[in-house]
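Input: a single structure, listed below in structure tokens.
The values are calculated or read from the model by the stated rules, or taken from the named source; none is laboratory data. Remember, predicted model here, so these are calculated numbers, not experimental data. FYI the Cβ positions are ideal-geometry reconstructions off the backbone, even for glycines, and counts take in every protein chain you see.
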Amino acid sequence: MNPPTVLPTTATTQHETSTSQDSTASIASSTSESSPHSGCPAVLPESDVFWWIEWPSMDPSVDAWTTYYHRIFDLLTTNCAYMRVTKLLLRVLDPEYPSGSDASHRVWYPNNDVTQSVMYKELLSKLDQTSVREVEMMPYVFDEPSRQTWLKWAPENGGPMSGAYAFAAEFNKHLTGVKFTGLTTDYEELNQSKSDYALLTDPEGESAFKGGHLELDFGIGLGYYQWSRFPLYTWTQHFYMEVYDIVTPFGGVDSSDQSRFLLYKDDPEAMVNYIVNEVLDSNTKAAYSQYSDGAHLMWSIQSMGLPCQYPLNDGNCGANHEFGEWSSQAFNQFLQLILPALGTGQQQGVYQIDYLPYQMMPANMRHCLSFGCDQ
């Protein structure tokens, strides 16, 4: 996964503008609600998922971030794909963001008090009202300025990640319900923090990496074919396998008009067959099965040219044609079918919720709120 588009610093106006019939019958019978979620067209069975949430390309004001976290909370309780979210992975750029702002306007650490942050007030402190039971912080360590900010939180001789662990622990001191259970980074990011990455491959490196916070897990985002790294990261608890940017039948297929998400659009059985029999070879499936407690599958809701809540600066909701171009009903059925087809009880989740398309959210939430809305 590439690092998200760098946020602009100028303000802008926000706009409020082959599965058997028996399997299908079983899915339908699991629906427990008698009426649709408010603003959604149909009642569907729920699927347990995690959500990977980045940061939107938007005005960095406190008001904009308040709206952002409030929307996440609302979508946790009502979304038209009937995703029952049990875990959140939340991006936190650094404690001093936005750079150069006065202390009262920092998003995650205003006035040196995490309880004043909009993430704490609008989301974290309310999670016991939702299905979420785990939260992981995703610190941004891709560039040197961010790493230097995290180092201010690190213990003596600690690296940027140890500072991020200390920041998560500071939130946990104040949270009385759902707390941070760990931290996660993408491989491409962590590889830029050389001292941290060296500890990741050191069997004795966990305590130094976490700054002593062994009560908190560590997870890493990997390409779906990078399972050979599982035994190298001996103390890593979670592997988030990015089953997108697919290289079958050729690299870059997801960004082309040959994307199987287009060719098999709204055909969950065909997509399951493609994933199980073409994308994931026998060695990959065997590794996923061996590490089923820690290897979690992540699907992408990217789309090109369709409306979503927080598009990129170019107006697209990502760089690929993927599940963001499907109906909520078809995506819901895919989530129901894929794990049984793989023969595993692994967790599955969605990258990334800023790209949630209009058809998967209640009608009264279908607004575009980022810098890319006018493109």
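Observations
- Screening PRO3 on (1) modelled with pLDDT under 95; (2) out of contact with any helix residue (DSSP H, G or I) (no Cβ under 9 Å at 6 or more places or on another chain) shows it passes everything except condition (2).
- All positions within segment 115-151 that are under 20 Å from ALA208 (Cβ atoms), surrounded by fewer than 20 Cβ atoms within 10 Å (Cβ to Cβ) and among the polar types (S, T, N, Q): GLN148
- Verdict on PRO340 being buried (at least 24 other Cβ atoms within 10 Å of the Cβ), of a type outside the set (A, V, I, L, M, F, W, C) and more than 14 Å from the chain's Cα centre (by Cα): no
- Screening segment 211-260 for residues that are within 21 Å of THR181 (Cα to Cα) and of a type in the set (Gly, Ala, Ser) and picking the one that is nearest to the chain's Cα centre (by Cα) gives GLY221.
- Number of positions in segment 112-161 that are part of a helix (DSSP H, G or I) and closer than 30 Å to VAL49 by Cβ: 17
- Residue within segment 146-166 that is touching a strand residue (DSSP E or B) at 6+ places or on another chain (Cβ under 9 Å) and of a type in the set (S, T, N, Q) present: yes
- With respect to the stated conditions, ASP94 is in a loop (DSSP other than H, G, I, E, B) and modelled with pLDDT of 95 or more.
- Some residue of segment 123-131 being over 15 Å from ARG71 (Cα atoms) and modelled with pLDDT of 95 or more: yes
- Among the conditions (1) modelled with pLDDT under 95; (2) crowded, with 17+ Cβ neighbours inside 10 Å, the only one that THR184 does not satisfy is (1).
- Any hit, segment 248-260, residues being surrounded by 16 or more Cβ atoms within 10 Å (Cβ to Cβ), of a type in the set (Gly, Ala, Ser), under 30 Å from ASP374 (Cβ atoms) and in contact with a Ser or Thr (Cβ under 8 Å, 6 or more places away or on another chain): no
- Some residue of segment 325-343 being modelled with pLDDT under 95, among the hydrophobic types (A, V, I, L, M, F, W, C) and part of a loop (DSSP other than H, G, I, E, B): no
- Where GLY211 falls short, out of the listed (1) on the phi > 0 side of the Ramachandran plot; (2) in contact with a Lys or Arg (Cβ under 6 Å, 6 or more places away or on another chain): (2)
- Every pair of residues 6+ apart whose Cβ atoms lie under 6 Å, when the first sits in segment 48-59 and is under 16 Å from ILE301 (Cβ atoms) while the second is buried (at least 22 other Cβ atoms within 10 Å of the Cβ) and of a type in the set (Phe, Trp, Tyr): TRP52/TYR351; PRO56/TYR310
- Per the conditions (1) assigned to a loop (DSSP other than H, G, I, E, B); (2) under 26 Å from VAL135 (Cα atoms), the sole criterion not satisfied by PHE218 is (1).
- Test: THR201 is closer than 22 Å to GLY294 by Cβ, of a type in the set (Val, Ile, Thr) and at pLDDT below 95: yes
- Per-region count, segment 264-277, residues touching an Asp or Glu at 6+ places or on another chain (Cβ under 9 Å) and either assigned to a helix (DSSP H, G or I) or farther than 16 Å from PHE323 by Cβ (or both): 0
- Taking each residue of segment 201-228 that is among the charged types (D, E, K, R) and looking for partners that are in a loop (DSSP other than H, G, I, E, B) with beta-carbon atoms closer than 7 Å, six or more apart or interchain, yields GLU206/LEU214; GLU206/TRP235; LYS210/LEU216; ASP217/GLN237.
- A residue that is of a type in the set (Asp, Glu), farther than 23 Å from ASP217 by Cα and either in contact with a Lys or Arg (Cβ under 9 Å, 6 or more places away or on another chain) or surrounded by fewer than 19 Cβ atoms within 10 Å (Cβ to Cβ) (or both) occurs nowhere in segment 87-95.
- Among (1) closer than 26 Å to PRO41 by Cα; (2) buried (at least 21 other Cβ atoms within 10 Å of the Cβ), the one test that HIS296 misses: (1)
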